[in-house]
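Novice: My questions will all concern the structure given below.
No lab work stands behind these numbers, since they all come straight from the coordinates. No experiment lies behind these values; they were computed from the predicted model shown. Positions of Cβ are backbone-derived with ideal geometry, glycine not excepted, and every protein chain shown enters the neighbour counts.
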Amino acid sequence: MNICAIVPSHDHWTVAGLLVSRLRALGLPVIIVDDGSAEPARTALAGLHAPDDGVTVHRLVVNQGKGVAVVEAFRLAWTAGFTHAVQVDADGQHDLDALPALLAMAKRHPEALVTGLPRYDGSIPPGRKIGRWITHVWVWIETLSFQIADSMCGYRVYPLAAVRDLLERQSVGRRMDFDTDIMVRLFWRGTPVCGLPVRVSYPSGNLSNFDMLRDNWRISKMHTRLVLSMLLHLPAILVHRPRPCREVP
């Protein structure tokens with residue numbers, strides 16, 4: 001397994017240096033995709049670019065959305081020869097203390113998408129909490145399975161061969177609809193999903209890029225497309241249904 005970390009960022013920069021240091025301390029090469037950030041984030045992120053030290057910063061001049069930024073990071077990763085990529089958000093939500101366990105699970109299940117199962121503290125906005133549960137229910141319908149316990153946490157390890165095969169054949173959500181869309185479509189194609197409980201918090205003063213109106217509308221349209229696609233391709237989806245991810249005690 002040859003693994004790197006990918007960090008999509010739009011206007012998040014205050015903890016980026018610490019994040020990169022923690023990831024490099026674990027031996028992970030880091031690919032940051034700056035999704036059209038304004039100043040001061042643009043300059044701060046550009047200042048982290050240090051290829052000789054394992055840190056690559058790639059800038060998209062115009063903001064195009066989280067999904068586009070992550071897909072661009074995927075392309076950079078598989079072009080560089082990486083087999084897996086761990087996605088970490090740039091705003092400090094994710095508990096990096098859990099990363100060794102997440103990577104260990106990925107090594108035990110190299111064919112799987114290994115995802116964090118968020119355990120939130122009281123900092124999560126109530127509206128986001130309700131919205132997540134609505135998406136959970138739709139995903140259970142779309143997959144005809146309870147195997148995906150959470151599809152919205154962006155703290156996950158992707159098997160890049162399966163991702164590349166999917167992206168060469170289908171498009172996925174370009175913005176905040178990305179995380180759920182790609183997970184469901186990978187599951188349909190036979191990629192197992194393994195989960196690990198992780199702490200997730202909303203840092204004080206955190207800048208959210210989630211647009212309550214537009215992104216909820218995008219997510220609603222995504223679920224409509226997924227349900228219709230599930231109905232149209234039901235036999236193939238059932239044939240390729242992956243086995244549940246089992247951990248040996």
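Novice: Looking at the calculated P(r) for the chain, what percent of the C-alpha pair distances fall above 35 Å?
Specialist: Percentage above 35 Å: 9.
Novice: Count the DSSP beta bridges whose two residues both fall in the chain, then state the antiparallel fraction as a percent rounded to the nearest 5.
Specialist: Counting only bridges with both partners in the chain, antiparallel ones make up about 25 percent.
Novice: A follow-up question, please. At 222 nm, what helix-only mean residue ellipticity would the chain give, in deg cm²/dmol to the nearest 500, using -39500 (n - 2.57) for each DSSP H run of four or more?
Specialist: It lands at -13000 deg cm²/dmol.
Novice: Compute all pairwise cysteine Cβ distances in the chain, then list the cysteines with no distance under 4.7 Å to another cysteine.
Specialist: Isolated Cys, the chain: Cys4, Cys153.
Novice: Please list the helices of the chain that count as membrane-span-like by this rule: a mean Kyte-Doolittle hydropathy of at least 0.0 together with Cα atoms stretching 18 Å or more along the helix axis, each helix being a complete DSSP H run.
Specialist: Taking the DSSP H segments of the chain (at least 18 Å long, mean hydropathy at least 0.0), we get 66-79, 212-232.
Novice: To continue, here is another question. Sort Asp11, Asp165 by Cβ crowding within 10 Å, fewest neighbours at the top.
Specialist: Ordered by Cβ neighbours within 10 Å, fewest first: Asp165, Asp11.
Novice: Between His233 and Glu39, what is the FRET efficiency for a Förster distance of 35 Å, r being their Cβ-Cβ separation, to the nearest 0.05?
Specialist: 0.15
Novice: Please compute the alpha carbon radius of gyration of the range 127-190, then divide it by the globular-protein estimate 2.2 N^0.38 Å. Two decimals is fine.
Specialist: 1.11
Novice: Give me the distance in nm between label points sitting 7 Å out from Cα along the Cα-to-Cβ direction at Phe146 and Ser220, one decimal.
Specialist: 2.9
Novice: Please report, in debye to the nearest 20, how large the charge dipole of the chain is about its Cα centre when each Lys and Arg carries +1 at its beta carbon and each Asp and Glu carries -1 there.
Specialist: That gives a dipole near 680 debye.
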